[in-house]
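Participant: First, the structure itself, so that you have it in front of you.
The values are calculated or read from the model by the stated rules, or taken from the named source; none is laboratory data. Fair warning: this is a prediction, and the values are worked out from it, not measured in the lab. Backbone-built Cβ (ideal geometry, glycine too); neighbour counts: all protein chains shown. SASA here: full protein model, heavy atoms, side chains in, ligands and nucleic acids out. Shrake-Rupley method; radii C 1.70, N 1.55, O 1.52, S 1.80 Å.
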Amino acid sequence: MIAVLLEQALNGLQLGVTLFLLASGLTLVLGIMRLVNLAHGSLYMVGAYIAFTIQSASGSFSLGLLAAAAATALIGAVLERLLFERLYQRGYLEQVIVSFGAVMFLDELVRVLWGPLPLKAPMPEVFDWSVELLPGLLYPTYRLAIIAVGMVVSILLYLLVTHTRIGMMVRAGASDRSMISALGVNIRDLYTAVFAGGAALAAIAGTMAGPIYSVQIGMGESVLVQSLIAIVIGGIGSIRGAAIAAVLVGVSDTIGRVFLPPGIAQITVYVFMAAVLVCRPRGLFPAHV
Amino acid sequence: MSRPALEVEHLNKFFGALKATDDLSLTVEVGELHAIIGPNGAGKSTLISQLSGQLRPTSGHIRFFGEDLSRRSMACRVQRGIVRSFQITSLCREFSTLTNVALAVQARIGHSFHFFRNAEDDPLFTAPAQDALERVGLGHRAHVAAGHLAHGEQRQLELAIALAAKPRLLLLDEPMAGMGLDESMKVVELLLSLKGHYTIVLVEHDMDAVFALADRISVLVYGHCIASGAPERIREDPAVQDAYLGEDEADARSA
Amino acid sequence: MSKIPFLRIGPPAIPAFFWAVPLVVVLLAVPFICEALGQPFYLRVASRILIFALAASSLNLVLGFGGMVSLGHAAFVGIGSYVVAVLAWHLSNEVPVLTWPIVIEGTTNAALAWPAAIGASALAAFVVGAISLRTTGLYFIMITLAFAQMIYYYAVSLQQYGGDDGMKMRGRSVLPGLDLANRTTFYYLVLVALLLCIAFLFCLARSRFGLVIRGIRQNETRMRALGIEPYPYQLTCFTISGAMAGFAGVLMANLDTFVSPSDLSMARSDELVAMILLGGVGSLWGPPLGAAFYILAQLGLGNLTTHWPLAFGPALIIVVLFARRGLVGIFGERQR
Ligand SMILES: Nc1ncnc2c1ncn2[C@@H]1O[C@H](COP(=O)(O)OP(=O)(O)OP(=O)(O)O)[C@@H](O)[C@H]1O
Ligand SMILES: [Mg+2]
């Protein structure tokens, strides 16, 4: 029993850090640029596909990871300059539909380039084994590695946001947009950088998910929704809120699926979100006063 | 003397460390025109917002004909008869001038869960609305979209909306802000004609208007009421002259 | 003069009767035209367009009139579809829907199934609205989206009703006096339903309720200052819209005699928003027009290439970026 619980808690944590990698970029885009970007999940997918290709060609997982992060950051920056930059002054509706159009395009592009069938990314060899955490509980080291990478990235992100000049500007922007221009920063570049950084994190998440789940079209959709939920629970614009809520969502979803009857299991996370919002309509850690 | 219309007791409003309202107490008698003056940032609009229910006081009480309304919603206070106008014009810009006022009538008459009958042209709402528009001198602009009115006209519309709500207590936050001289004169005339029929709290920077209109004046400085009384007394009060009037009149002279 | 920044003066209120009359005439003639062309398939497409027009119009009630950006409207459409299909499934499998506390048998009788479906959608909209309307802005958008996903995943989990694959119905509902299996009859039923709903929206937009709802969109603080608490009005609006969406779902299930979770997916919700945006937000005829263009464009591109989304996605983006007022702007709907 303890073993099952521990195993599922770790699985939940692993899902949680994946969600956080998506949510951190997205919450900043929502909080600072006030941009509803439904295409964030597609960046996760695109990252996974690019990593798959590079990894298959070179045999190196880490090379795939780096290439995916860099290429997706570039795609993110291009999308931002080409499309989303024009939408900051427009309504949420326009943002939704433009990003929906981008999702359509990217999904189809992937179908053309990689075919419609799901792909299975190979497990990196270093992590292709399991450790015995408890007697009788063999746990794949790859998942532990994801948790570790997620934690490291979170800490780096935390340091970046709290201890650097760029981070200070980003934080100021998330709680009060007019602050950024008051600081005399080139807003245009800052926005593009935030967008590209978010895209890179999404690609890292997608790449790491590849060997566990299959790499397929639409793989970004359910994680996108789950990370949106984490963002709402955590409070839009709050990195700390996104981190805590992502783990809560990941763990409660995973444990719910194991212990609750189907039908109920799927909705636990949403009930959780509703409960939080009834008590705190602006999430747990509202960034906007 | 009968009981006052409005009693404000030890009202406080903090924005973080800033005390926008600082232990403020004042009373407004039934039927009087009570002016509130004070330098920029003295907390006049913040007071009006607390009286109307838009802002929640940090502490203190607001009594309206004896009933404590400090924790009641804006909508509830409007139903009791406390109606405000905004310093910064707040209108439904796509609706016609007439519809903006008719909505106030509609809201006063009861709930709006009526789904079929055309209300846009219903005289039940438009007739009183048109009256209110005539009263502020906007009758001829009834069918123009509110967003297309000139700034001064929008200020007049604010007043018409407030009047159409048939207030028992009218809270006017700088009704003449940004108006031309002619328009201001008209508003002063209008307020004179309202005087005695309504209980009015008037926030205003124009001292001539204030002294011409007010029955009593309260002076706010840093969120605190430093003096309250008849215009002559306020004019002579040394503390007021110190804190406010002197500097204002000096400004006026130098301008 | 006034120092008004950019102003978007008044969508709803006045529909273009100028366009409405010839439009209705053409719509009435569609079955004959399809017959004459020997293309019964087109009649199916036309019915589909009208149903989407109804669904988009229902969303337009919250989104265009009420200013509530709901991203999960397909869920309410889908609930309507599922209730009709599920009731029919129970009838043909001779299993009661419920045995406790009361026995409810399956049915294909439209007089029972349709109100049940519409009621279910309205109830779902009421519950979702009651929670999401406590928030505003971005939060509202995200929460409506999340709840719709919840309903979607719930539908996927219904293995009994086909899970991911959805389920086929044996036939359309039975409406005494009308042969719904006849495609022309069904088309006219859908047309009448759509026109009635548009007429209802026309009345609603200028009723006391409609003025309040539209007023809240323009300036919530002003409405509060008039003594109008927005929440009950918004919730009522959301619920009415959910009921209408459910009705669209009922018709959709009957047209296809098939339901699947994709009927209530996020992509479907986005499509409805796109139709409204294409047609013109907050206008009466915009969403139906948008629905027609959207579906026809998709069909046309789909005939050219299987990879139509490669063109359709960017086209959508370009239209949204550059045609700000939607199609009604082009067709000159009178506005004030
Ligand atoms: N929402 C708020 N958050 C923080 N501070 C506020 C807020 N509203 C007002 N203040 C501050 O409270 C003080 C009082 O503001 P208020 O608008 O009430 O002044 P006022 O007397 O109406 O000034 P004016 O004559 O310029 O209209 C000001 O210092 C203002 O900056
Ligand atoms: Mg003020």
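Participant: Going through the range A:26-37 one residue at a time, which ones are hydrophobic (A, V, I, L, M, F, W, C) and open to solvent by 10 Å² or more (accessible area, probe 1.4 Å)?
Facilitator: Step one: filter the range A:26-37 for residues hydrophobic (A, V, I, L, M, F, W, C), giving A:26, A:28-30, A:32-33, A:35-36.
Passing the criteria: only A:LEU28.
Participant: Identify, please: which residue in the range B:51-63 is surrounded by 21 or more Cβ atoms within 10 Å (Cβ to Cβ) and away from every other protein chain (no Cβ under 14 Å) and is, among those, nearest to ligand 1 (Cβ to nearest atom)?
Facilitator: My answer is B:PRO57.
Participant: Also: Among A:VAL78, A:VAL149, A:VAL98, A:VAL110, which is the only one that is open to solvent by 30 Å² or more (accessible area, probe 1.4 Å), under 22 Å from the mean Cα position of the chain (by Cα) and within 14 Å of chain C (Cβ to nearest Cβ)?
Facilitator: Residue meeting the stated conditions: A:VAL78.
Participant: Among the listed residues A:PRO116, A:PRO122, which satisfies the condition of being closer than 20 Å to C:ALA267 by Cβ and surrounded by fewer than 16 Cβ atoms within 10 Å (Cβ to Cβ)?
Facilitator: On the way: A:PRO122 fails: closer than 20 Å to C:ALA267 by Cβ.
Sole residue among the options that is closer than 20 Å to C:ALA267 by Cβ and surrounded by fewer than 16 Cβ atoms within 10 Å (Cβ to Cβ): A:PRO116.
Participant: Something else: Any idea which of C:LEU301, C:LEU316 is surrounded by 24 or more Cβ atoms within 10 Å (Cβ to Cβ), within 12 Å of another protein chain (Cβ to nearest Cβ) and over 18 Å from C:GLY66 (Cα atoms)? Give the steps one after another, and end with the answer.
Facilitator: Values: C:LEU301 fails: surrounded by 24 or more Cβ atoms within 10 Å (Cβ to Cβ).
On inspection, the qualifying residue turns out to be C:LEU316.
Participant: Another question, if that's okay. In the range C:23-64, what residues are hydroxyl-bearing (Ser, Thr, Tyr) and open to solvent by 30 Å² or more (accessible area, probe 1.4 Å)?
Facilitator: Going through the range C:23-64, the residues hydroxyl-bearing (Ser, Thr, Tyr) turn out to be C:42, C:47, C:57-58.
If the condition is that a residue be hydroxyl-bearing (Ser, Thr, Tyr) and open to solvent by 30 Å² or more (accessible area, probe 1.4 Å), then C:TYR42 is the only one that fits.
Participant: Hey, can you tell me all the residues within the range A:227-264 that are over 30 Å from A:HIS163 (Cα atoms) and surrounded by fewer than 19 Cβ atoms within 10 Å (Cβ to Cβ)?
Facilitator: Those that are over 30 Å from A:HIS163 (Cα atoms) and surrounded by fewer than 19 Cβ atoms within 10 Å (Cβ to Cβ): A:SER252, A:ILE255, A:ARG257, A:VAL258, A:PHE259, A:LEU260, A:PRO261, A:PRO262, A:GLY263, A:ILE264.
Participant: For residues that are farther than 24 Å from B:ALA164 by Cα and open to solvent by 50 Å² or more (accessible area, probe 1.4 Å), scanning just the range B:64-84, find the one that is modelled with the lowest pLDDT.
Facilitator: Initially, the range B:64-84 is screened for residues farther than 24 Å from B:ALA164 by Cα, giving B:66, B:68, B:70-71.
Subset that is open to solvent by 50 Å² or more (accessible area, probe 1.4 Å): B:68, B:71.
Details: B:ASP68: 93, B:ARG71: 90.
Out of the qualifying residues, it is B:ARG71.
Participant: Another question, if that's okay. Could you check the range B:210-241 and list, in sequence order, the residues that are within 20 Å of the chain's Cα centre (by Cα), within 15 Å of ligand 1 (Cβ to nearest atom) and aliphatic (A, V, I, L, M)?
Facilitator: Hits for the range B:210-241 are B:VAL210, B:ILE217, B:VAL219, B:LEU220, B:VAL221.
Participant: Of the residues that make up the range C:236-254, is at least one under 30 Å from B:ARG84 (Cα atoms) and open to solvent by 30 Å² or more (accessible area, probe 1.4 Å)? Quick ask: steps written out before the conclusion?
Facilitator: Initial filter on the range C:236-254 (under 30 Å from B:ARG84 (Cα atoms)): C:236-238.
Narrowing further to those that are open to solvent by 30 Å² or more (accessible area, probe 1.4 Å): C:236.
Taking every residue of the range C:236-254 in turn, at least one turns out to be under 30 Å from B:ARG84 (Cα atoms) and open to solvent by 30 Å² or more (accessible area, probe 1.4 Å).
Participant: Considering (1) away from ligand 1 (no atom under 16 Å from the Cβ); (2) in contact with a strand residue (DSSP E or B) (Cβ under 7 Å, 6 or more places away or on another chain), say which one B:GLY43 fails and leave the rest.
Facilitator: Unmet condition: (1).
Participant: Further question on the same structure: Report yes if some residue within the range A:54-64 is over 27 Å from A:LEU190 (Cβ atoms) and within 17 Å of the chain's Cα centre (by Cα); otherwise report no.
Facilitator: If we filter the range A:54-64 for residues that are over 27 Å from A:LEU190 (Cβ atoms), which is where we start, we get A:54-64.
From what is left, the residues that are within 17 Å of the chain's Cα centre (by Cα) are none.
Within the range A:54-64 (the criterion being over 27 Å from A:LEU190 (Cβ atoms) and within 17 Å of the chain's Cα centre (by Cα)), the answer is no, since none of the residues qualifies.
Participant: Do we find that B:ALA212 is free of Cβ contacts under 8 Å to residues at least 60 places away in the same chain and more than 14 Å from every other protein chain (Cβ to nearest Cβ) in this structure? Outline the logic, then answer.
Facilitator: On the way: free of Cβ contacts under 8 Å to residues at least 60 places away in the same chain: yes; more than 14 Å from every other protein chain (Cβ to nearest Cβ): yes.
For B:ALA212, the condition - free of Cβ contacts under 8 Å to residues at least 60 places away in the same chain and more than 14 Å from every other protein chain (Cβ to nearest Cβ) - is met.
Participant: In addition: What helices (runs of 4 or more DSSP H) lie completely within the range B:1-115 and have 3 or more residues being away from ligand 2 (no atom under 16 Å from the Cβ) and of a type outside the set (Lys, Arg)?
Facilitator: Numbers: elements: B:44-52, B:74-80, B:97-109.
Of the helices (runs of 4 or more DSSP H) lying wholly inside the range B:1-115, those with at least 3 residues that are away from ligand 2 (no atom under 16 Å from the Cβ) and of a type outside the set (Lys, Arg) span B:74-80, B:97-109.
Participant: Of all residues in the range B:109-122, which are at the interface with chain C (Cβ under 7 Å from one of its Cβ atoms) and open to solvent by 10 Å² or more (accessible area, probe 1.4 Å)?
Facilitator: Residues of the range B:109-122 that are at the interface with chain C (Cβ under 7 Å from one of its Cβ atoms), as a first pass: B:112-120.
Result: B:PHE113, B:HIS114, B:PHE115, B:PHE116, B:ARG117, B:ASN118, B:GLU120.
Participant: Can you tell me which residue within the range C:174-194, out of those that are of a type in the set (Gly, Ala, Ser) and under 23 Å from the mean Cα position of the chain (by Cα), is least open to solvent (accessible area, probe 1.4 Å)? Write out each step before concluding.
Facilitator: Initially, the range C:174-194 is screened for residues of a type in the set (Gly, Ala, Ser), giving C:177, C:181, C:193.
Narrowing the set further to residues that are under 23 Å from the mean Cα position of the chain (by Cα) leaves C:181, C:193.
On the way: C:ALA181: 80, C:ALA193: 9 Å².
Taking the candidates together, the pick is C:ALA193.
Participant: Kindly list the number of the only condition in (1) open to solvent by less than 10 Å² (accessible area, probe 1.4 Å); (2) more than 14 Å from chain A (Cβ to nearest Cβ); (3) not small (Gly, Ala, Ser) that fails for C:LEU284.
Facilitator: (1)
Participant: Which one of these does A:ALA23 not meet: (1) closer than 30 Å to C:ALA311 by Cβ; (2) at pLDDT 90 or above; (3) crowded, with 18+ Cβ neighbours inside 10 Å?
Facilitator: (1)
Okay, residues lined up against (1) farther than 15 Å from A:ALA265 by Cβ; (2) at the interface with chain A (Cβ under 9 Å from one of its Cβ atoms); (3) not in a loop (DSSP other than H, G, I, E, B):
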{"site": "C:PHE140", "(1), (2), (3)": "yes, no, yes"}
{"site": "C:ALA146", "(1), (2), (3)": "yes, yes, yes"}
{"site": "C:GLN149", "(1), (2), (3)": "no, yes, yes"}
{"site": "C:ARG172", "(1), (2), (3)": "yes, no, no"}
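Participant: Counting only residues that are near ligand 1 (Cβ under 9 Å from one of its atoms), over 13 Å from B:SER218 (Cα atoms) and touching a strand residue (DSSP E or B) at 6+ places or on another chain (Cβ under 9 Å), how many does the range B:15-40 have?
Facilitator: Qualifying residue count, the range B:15-40: 3.
Participant: Only one residue in C:LEU98, C:LEU133, C:LEU91 is out of contact with any His (no Cβ under 9 Å at 6 or more places or on another chain), surrounded by 14 or more Cβ atoms within 10 Å (Cβ to Cβ) and farther than 23 Å from C:ILE216 by Cβ, so which one is that? Write out each step before concluding.
Facilitator: Values: C:LEU98 fails: surrounded by 14 or more Cβ atoms within 10 Å (Cβ to Cβ); C:LEU133 fails: farther than 23 Å from C:ILE216 by Cβ.
Result: C:LEU91 is the single residue among C:LEU98, C:LEU133, C:LEU91 that is out of contact with any His (no Cβ under 9 Å at 6 or more places or on another chain), surrounded by 14 or more Cβ atoms within 10 Å (Cβ to Cβ) and farther than 23 Å from C:ILE216 by Cβ.
Participant: I would also like to ask the following. Among the numbered conditions (1) open to solvent by 10 Å² or more (accessible area, probe 1.4 Å); (2) modelled with pLDDT of 90 or more; (3) within 11 Å of chain C (Cβ to nearest Cβ), tell me where A:VAL278 comes up short.
Facilitator: (2)
Participant: Sticking with this one: So which residues in the range C:104-138 are free of Cβ contacts under 8 Å to residues at least 12 places away in the same chain, part of a helix (DSSP H, G or I) and at the interface with another protein chain (Cβ under 10 Å from one of its Cβ atoms), if there are any at all?
Facilitator: Listed by number, the residues that qualify are C:VAL127, C:GLY137, C:LEU138.
Participant: Check the range A:47-63 and report whether any residue there is within 12 Å of another protein chain (Cβ to nearest Cβ) and either open to solvent by 30 Å² or more (accessible area, probe 1.4 Å) or part of a loop (DSSP other than H, G, I, E, B) (or both).
Facilitator: Keep residues of the range A:47-63 that are within 12 Å of another protein chain (Cβ to nearest Cβ), which gives none.
No, the conditions are met nowhere in the range A:47-63.
Participant: Right, something else. Exactly one of these conditions fails for C:ALA205: (1) facing another protein chain (nearest Cβ under 8 Å); (2) out of contact with any Ser or Thr (no Cβ under 9 Å at 6 or more places or on another chain); (3) crowded, with 23+ Cβ neighbours inside 10 Å. Give me its number.
Facilitator: Answer for C:ALA205: the failing condition is (1).
Residues checked against (1) part of a helix (DSSP H, G or I); (2) touching a residue at least 24 places away in the same chain (Cβ under 8 Å); (3) closer than 15 Å to A:GLY31 by Cβ; (4) within 12 Å of the chain's Cα centre (by Cα):
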position	(1), (2), (3), (4)
A:ALA203	yes, yes, no, yes
A:PRO211	no, yes, no, no
A:GLN226	yes, yes, no, yes
A:ALA230	yes, yes, yes, yes
A:ILE233	yes, yes, yes, no
A:ARG240	yes, yes, yes, no
A:ALA245	yes, yes, yes, no
A:THR268	yes, no, no, no
A:VAL271	yes, no, no, no
